[in-house]
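Visitor: Can you read through this structure? Questions will come right after.
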Amino acid sequence: MKKVLLLIALLPACIFSQPEEWVLYMIGNAHIDLAYRWRWNETTDRVTPDTFVGVLEMLDKMPELTYAQSQMALYESIEKTHPQVFQRIREKINSGQWSVVGGQWAEPDAILPSGESHIRQFLIGMEYCRTHLGVDSVDIGWLPDAFCGQALTLPQIFSGCGIRYYLFGRGAPAGKEVFRWIAPDSSSVLAYHLPVPYGLTAPDADLLTPLREWRRITGLPFAMVLFGEGDHGGGPRQTDIEAIERLRKMDRIPTLRYATAEDFFARLAKASTAWPVHFGEIGRGVGESDKVHQAWMGSYTSQAVIKKLHRNAENLLLTAEKFATIGSMLQRKPLFPRVDFREAWKLLLRNQFHDIVPGTSIGDVYDDSRRDLQWVDQEGRRLLRFGLEVIGSRIDTRDAGIPLVVYNPCSWVRGDVVEADVHFVQPCEQFTVLDTDTEPIAYQVLSVSEDKQHYRLLIAVHDIPSIGYKVYRVVPHHRSLPKTELFVKGQTVESRYFRISWNQTGLSSIYDKTLNREVLAGSANRLQLLGESRSSAWDLVLSGEEFPLQAIGRPVVVERGPVRVVVRWQNTTTSSRVVRDLILHANQPRIDFAMTVDWHESDRVLKAVFPVNVSGGRAVFEQPYGVIERPLDGMDHPAQNWIDLSESTYGVALLNDGKYGFDVKDQTMRMSIVRASRDMDPRMDEGAHTFHYALYPHTGDWVEGRVMQAALQLNQPLVSLQENHHIGTLPDWGERRNDFSLARRHSFFAVDRDQVRITAVKVQQGDWSPNNVVLRLFEPAGRNVQARIFCPARPKRVIAANHLEDPIPGAAAIQIERDAFVVPMKANEIRTLLLEF
C-alpha cells in the first residue's frame, strides 16, 4: 500500500516534468591567422580592419549579438592603424558585447615554444590588455587551431597566468570533450573541446550531427559554438544571422542563444558534473587527412632555419634580461630598458604563432620571419652588452694584463669552454691566459688578424659562479700551459672522459672512461636521407626509400689543440652538401657536434642516427617547463632542448640547440635535421643551415645525470667581454651608495638545491626601476624541496606572485635571511617571486 501511495504522489512529477532544455550558446568569432597564406602586412592592412569594422557594424545592428576576439597583437595593430575603430572596440568591450579572450599576445603553437615563452605570451598580452583595453583579467584560454600538440604542462602555465578555462579545437582525448586537464604539479584548467570547428558560416541542420555526439559523450544539455568566417578573418555576417534564424524555425532544434563566452563558461563551471580528468599532453590528433598516421610530425622540422632563429632568440632574450637587470641594479642612476625588451619579446611572440613556427605558411612569411628574428637577435645582443658593460664597470680590474670577464647565465657553478675576442694595443704573438689565482689555463686560437692585435680564442674555464662572472687576465709573454688531456692517434681521439673512434660514415665507438662502458650500439652520427610520399608541411610520411650520400674523401682532423679536437666529414647528395664536425673538448663530459647543410632537396628528410648501448630504456623528451615519456615507436615526436634514453643506472641524452623532431626505436635515437615539402613553400629551407648538438652519457636517469642542465649549457653558452682597467666605485646618488667595487669572482643569484633552477631574472613588467625584481623558479625533478635563494643584496620583501607578476593574496610570508631567503618548492612547480630591494 505504501508503494502505491508513493507512486501516486510521484505521478504528477513524472507527467509534467520535461527534460532539461538543450541550449546552444552562439558566439561570434573570427579566427585570424596572423600569417599563413598571406603575410603579416596583409593581416594589418586589410584582414584585421575589414573584420573588425564589419563586426562592429553587426554589433550595432544587433544589440543581442556577441563577439569574442583573442590575440593582443591584433588589437595593437588596429590601435596603430585605425585608432577610431579601436575606440569603438573599447566601447563594445565596456558594453559587454565584445569579449577579450585568450590573453596571449598571439595564439602560439602549444608545444614548440619554451615554457618561459608561453608565460611571456600572457605577461606581454595581459600588460597590453590592462593598459590599452581596460580589461584587468582574462580567464579563458583560447587556442582553437593549435595543431602540433599541446604540452602536458600547459595547465600549470595557464593557471599561473590567471586562466581557469581552456577552449581548444584539435585532438581531444578519446571519450573526453569537457574535462579537468591536470598538470604534473596538480594544477588544472577546465578544458572545453569545440563540438564544431571554428569558422562555422551559415549554419544549417547538419550542425546537429556532431552536436548530438558531443552531447552523448558529455551528457550536458548545453554547448558553445563559434560562428563567423575565419583564418583570413571575416567574423559573423548577415548571412550567418539569417541562417541562424532559419534554424530557429525548424523542428527539434536546440534553443539558439546569443551569449558571451564568459556566460557559457560560468554556467559550465556550475554544472553538477563530475568532470573526467586527463593527465598528459593533448591535441596530437588527426592531421590534414584521417588516413595519415604521421599527422603534424612534419611540422616539428619544417622551416628549420626559422626554428633555429626562434630558439636562439628565446635564449638570448633570457640571458640579456638577467644581466641587464643586474646591470641596472649597479648603475649610479638606475634605468632598466623596459621598452626595448618589451618590443623584442613582442616580435618573438608574434613569430610563435601557430602557423609560423611550425613551418606551415608560405615562403614569403618566412622571409619576414627571418628578418624579424634577426632583428630580435641584434637587439638582444645590444641589450646583453648593455648589462655586461655596466657590470664590468663595477669590477676592480686593476691587475696586470688584459681583464677578460666570463659570464654565466645559468643558476649553477659551471665549467665549460667560452669564445673570447681579445684586443692587444700592439702586435702580440705569445701570451698566457691566467685564472684568478694566477694559474695559466688552456686556450686555443680560433683566428687572428694580420697585425697580430686581434684574436678570437677558445678558452677552457672552470668554476664560473651561478648567474655571475669570473675575471681572467691575458698577459703578454708565454708561460707553460697545463698538460693537455687530448690525444689523437690514427682514427681515435681521447679526452679525459672519452675514447672515440670513427669510420667513413660516423663514429664507430665511444668508450666512457668514467663509467667503463661502451656508449654506442652501432655507427653513430650517421646520416639518413629518406624519401617522403606526401609533400606536406604538416605531415611526415616516409616512402620507404633511402637515398645515398657520397663521401668527399675521408674524415679529416681539421683542428687540434689543448682545448678541443675537431674531426670533419663531408658528404654530398645529387643536390646538397653536408659537413659534420665531431668536437671533443679536453675536459667536458659530453661529445659535441656541429653540422652545416647546404640543402637543395624536395620531398626528402635528413636525419642523424645514434644507436646507443641502452637496453630496455625509457625515452623521455623535454617539454615546455616539463618532461614527458614517449613510446619507442620510431615516429617523430616533439621535444625541446633534449631527449634521453635511460635504463635504471645509465643513460644517454641527445642535446640540441634548435631542433624539435626526434624519434626513438629500440636502442636508436634519431634527430630530424631538415626537410622539404612543396605544398606551402616550394623552396622550403633551401640554402645553408648550421647548428650544434651533443651526445651526453650519464649515470642514472635524466634527473641524476643532470641532463636538463647539460642541455641548457649548450643553449645558453658562457659569454665573455674584454674589460678596461679601473676601480669599481662610483659617486653616490642621493641615498644610493655606490662606494664599492665588485670582486673578481661573484655570483648575483644562486640556489642551493641542484634540482631547482632560476629560469628568469627580470625587472617587474612595466617598471623602469630595478628596485622590483622578478625571479622565476622551476623544480623539474618531481620532488618537494626547500630551496635557499641567494641574492646580490638583502631584499626588503619577497612576495609570492602569479606569472603575471601580481601578488598572490593570502600567500604565506617568505622568511628573509641576510642575503638570501628560503622558499618551499612543490614537485614540478613553476614559481614566480617579487623581490623588493
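The values are calculated or read from the model by the stated rules, or taken from the named source; none is laboratory data. Keep in mind that this is a model prediction, so the values were computed, not measured. FYI the Cβ positions are ideal-geometry reconstructions off the backbone, even for glycines, and counts take in every protein chain you see. The accessibility values were calculated without ligands, DNA or RNA, using every heavy atom of the protein model including side chains. Shrake-Rupley method; radii C 1.70, N 1.55, O 1.52, S 1.80 Å.
Visitor: Quick one: which residues, 5+ away or cross-chain, put their amide H under 5 Å from the amide H of GLY415? H built at 1.01 Å from N.
Guide: Amide H neighbours of GLY415, under 5 Å, 5+ apart: ASP463, ILE464.
Visitor: Also, quick follow-up: Longer than 19 Å from Cα to Cα, which of LYS80/LYS308; LYS346/LYS762; LYS607/LYS659; LYS489/LYS607 are they? Say none if no pair is.
Guide: In this structure, LYS80/LYS308; LYS489/LYS607 exceed 19 Å between Cα atoms.
Visitor: For THR438 and VAL488, FRET efficiency with R0 = 35 Å and r from the beta-carbon atoms, rounded to 0.05?
Guide: Efficiency computed from Cβ-Cβ geometry: 0.70.
Visitor: Now a separate question. When the helices in the chain are scored as -39500 (n - 2.57) per DSSP H run of 4 or longer and the sum is shared across all residues, what 222 nm value do you end up with, to the nearest 500 deg cm²/dmol?
Guide: So the calculated ellipticity at 222 nm is -7000 deg cm²/dmol.
Visitor: Going by amide H atoms built from the backbone, whose H comes under 5 Å of the H on ALA110, apart from near neighbours?
Guide: The answer is PHE147, CYS148, GLY149.
Visitor: What does the extension gain come out to for MET62 and VAL822, with contour length at 0.36 nm per residue minus their alpha carbon separation?
Guide: 268.0 nm
Visitor: Related question: How many percent of the accessible area of the chain is carbon or sulfur, using a 1.4 Å probe?
Guide: Here carbon and sulfur together make up 49 percent of the probe-accessible area.
Visitor: Now for a separate question. Loop only per DSSP, at most 10 neighbouring Cβ atoms within 10 Å: give me the trypsin sites (Lys or Arg not before Pro) in the stretch 472-517, ordered by residue number.
Guide: Those satisfying the criteria are LYS483.
Visitor: Under the √(5λ) rule applied to the eigenvalues of the Cα gyration tensor, what semi-axes describe the equivalent ellipsoid of the stretch 23-270? Give them in Å, descending.
Guide: 25, 25, 16
Visitor: Bins of 10 Å, beginning at zero and ending with the bin holding the largest distance: percent of Cα pairs per bin for the stretch 487-715, please.
Guide: Calculated P(r), rounded to whole percents: 8, 34, 37, 19, 3.
Visitor: Can you quote the Å³ per residue value for the convex hull of the Cα atoms in the chain, rounded to an integer?
Guide: With only Cα atoms used, the chain gives 197 Å³ per residue.
Visitor: For VAL448 and ARG164, calculate 0.36 nm times their separation in residues minus their Cα-Cα distance, and state this gained length in nm to one decimal.
Guide: Separation in residues times 0.36 nm, less the Cα-Cα distance, equals 96.5 nm.
Visitor: Quick one: 3J(HN,Hα) in Hz for the stretch 198-205, Karplus 6.51/-1.76/1.60 with θ = phi - 60°, rounded, Gly and Pro as x.
Guide: 4, x, 5, 10, 6, x, 10, 5
Visitor: Evaluate E = 1/(1 + (r/R0)^6) for ASP206 and VAL425, where r is the Cβ-Cβ distance and R0 equals 56 Å; express this FRET efficiency to the nearest 0.05.
Guide: Here the calculated transfer efficiency is 0.10.
Visitor: Identify the GluC sites (Glu not before Pro) of the stretch 386-469 meeting these criteria: DSSP loop state and at most 16 other C-beta atoms within 10 Å of the C-beta.
Guide: GLU429, GLU450
Visitor: Only bridges with both residues in the chain count here: give the DSSP antiparallel percent, nearest 5.
Guide: 85
Visitor: Next question, about the same structure. Expressed in nm to one decimal, what extension gain is obtained for the pair ARG46 and ALA274 from 0.36 nm per residue of sequence separation less their Cα-Cα distance?
Guide: The ARG46-ALA274 span can extend by a further 77.5 nm.
Visitor: Right, here's the next one. What is the distance, in nm, between label points placed 7 Å from the Cα along the Cα-to-Cβ direction at ASP340 and at GLU545?
Guide: About 5.1 nm, to one decimal.
Visitor: Is the C-alpha gyration tensor of the stretch 383-469 telling us rounded, prolate or oblate? Criteria: a/c under 1.5 is rounded; beyond that, a/b larger than b/c is prolate, otherwise oblate.
Guide: prolate
Visitor: If you roll a 1.4 Å probe over the heavy atoms of the protein chains, what accessible area per residue do you get for the stretch 487-715, in Å²?
Guide: 34
Visitor: I'd like the Karplus ³J(HN,Hα) series for the stretch 633-648: coefficients 6.51, -1.76, 1.60, θ = phi - 60°, whole numbers in Hz, and an x wherever there's a Gly or Pro.
Guide: Values per residue, Gly and Pro as x: 10, x, 9, 5, 10, x, 8, 9, 7, 7, 10, 9, 10, 9, 9, 5 Hz.
Visitor: How far apart, in nanometres, would the label points at GLN528 and ILE552 be if each is projected 7 angstrom from Cα along the Cα-to-Cβ direction?
Guide: Distance between the two pseudo-spin positions: 2.5 nm.
Visitor: Please give the FRET efficiency for VAL53 paired with ARG267, using the beta carbon to beta carbon distance and R0 = 45 Å, rounded to the nearest 0.05.
Guide: With R0 = 45 Å, the Cβ-Cβ based efficiency is 0.90.
Visitor: So for GLU817, GLU735, what's the accessible-area order with a 1.4 Å probe, most first?
Guide: So the residues, ranked largest to smallest area, are GLU735, GLU817.
Visitor: Would you tally the net charge around ARG745, using a Cβ to Cβ cut-off of less than 15 Å, leaving ARG745 out, and scoring K and R as +1, D and E as -1?
Guide: Residues near ARG745 contribute -2 overall.
Visitor: Identify the trypsin sites (Lys or Arg not before Pro) of the stretch 670-741 meeting these criteria: DSSP loop state and at most 10 other C-beta atoms within 10 Å of the C-beta.
Guide: Sparse-neighbourhood loop trypsin sites (Lys or Arg not before Pro): ARG737.
Visitor: Let me ask something else. Kindly list the residues of the stretch 437-474 that lie in the label zone of SER480, defined by a backbone N under 16 Å from the point 7 Å along the Cα-to-C-beta vector.
Guide: Taking a point 7 Å out along Cα→Cβ of SER480, the residues of the stretch 437-474 whose backbone N falls under 16 Å are 439-442.
Visitor: Still on this model: Please list the three semi-axes, largest first and in whole Å, of the ellipsoid equivalent to the stretch 749-836, using sqrt of 5 times the eigenvalues of its alpha carbon gyration tensor.
Guide: With the √(5λ) rule applied to the stretch 749-836, the semi-axes are 19, 14, 12 Å.
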